[in-house]
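One structure is given here, and the rest of the page talks about it.
Just so you know, all these numbers are worked out from the coordinates, no wet-lab data involved. Keep in mind that what you see is a predicted model, and the values were worked out from it rather than measured. Quick reminder, even Gly has a Cβ in these numbers, built from the backbone with ideal geometry, and neighbours come from all protein chains shown.
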Amino acid sequence: MKIILASGSPRRQQFLKDLELDFEIQLKPVDEVYPPHLKAEEITDFLSELKADKFKENVKDDEVVITSDTIVWHKGKALGKPKNTAQAEEMILSYSDDWHEVISSVTFTTAKQQITKSFTTKVHFKILTKEEVSHYVEKYKPLDKAGAYGIQEWIGLIGIDRIEGSYFNVVGLPTHLVYETLKSLEL
């Protein structure tokens with residue numbers, strides 16, 4: 001089976017390497033806009049499938065295309081990538097002494113079928129100070145990350161005190177789900 005990863009994310013690419021999978025990267029531009037009535041995993045399912053649609057008609061019999069999307073769901077809202085440092089700081093401060101969810105959906109597209117699976121991890125931050133958040137945003141520039149932070153970075157090391165679910169999902173891909181689904185695919 002030839003695996004095509006349709007993601008520019010260095011974290012997702014490294015995970016597939018760490019899973020000892022041979023894959024190639026193919027990127028196609030997608031306007032990541034979803035209908036406003038969608039909630040939680042409905043959003044990530046929709047966006048993951050939207051990314052897969054760009055490949056759907058050209059998938060060969062021996063190929064599987066993997067697309068994915070991740071959001072942070074907090075207080076009934078989807079938080080994607082921040083537009084600027086002020087928005088990044090605002091997002092992270094909103095997590096202080098609170099739980100939020102990191103939701104990822106992964107779509108597996110073959111010539112015969114398309115499967116989308118989602119996974120949710122709950123994350124809790126301790127009480128964060130403005131100084132801690134400002135330091136993190138200034139030094140780590142998390143504008144490319146859903147929810148404005150990386151669990152594997154400084155803010156995660158000092159701030160996250162509880163997690164329920166997959167650590168790897170919070171980093172960017174529910175690796176256990178990817179592995180099990182790839183094993184089950186019919187080509």
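What the table below lists for this structure:
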| read-out | value |
| --- | --- |
| For region 2-184, the spread of Cα positions along each principal axis, largest first, Å | 53, 36, 26 |
| Interchain or long-range residues, amide H under 5 Å from Ala111's placed H | Glu63 |
| Point-charge dipole on Cβ atoms (K/R +1, D/E -1) for region 2-184, about Cα centre, debye to 20 | 120 |
| 21 Å Cα-Cα reach of Lys60 towards lysines, excluding residues that sit fewer than 8 places from it in its own chain | Lys2, Lys28, Lys51, Lys112, Lys183 |
| Cut-off 19 Å, label 7 Å out along Cα→Cβ of Trp154, residues of region 80-101 by amide N | 82, 84-96 |
| Cleavage-rule hits (trypsin sites (Lys or Arg not before Pro)) in region 62-119: DSSP loop, at most 11 neighbouring Cβ within 10 angstrom | Lys75, Lys83, Lys112 |
| Greater than 18 Å apart at Cα, pairs in Lys83/Lys145; Lys54/Lys77; Lys39/Lys77 | Lys54/Lys77 |
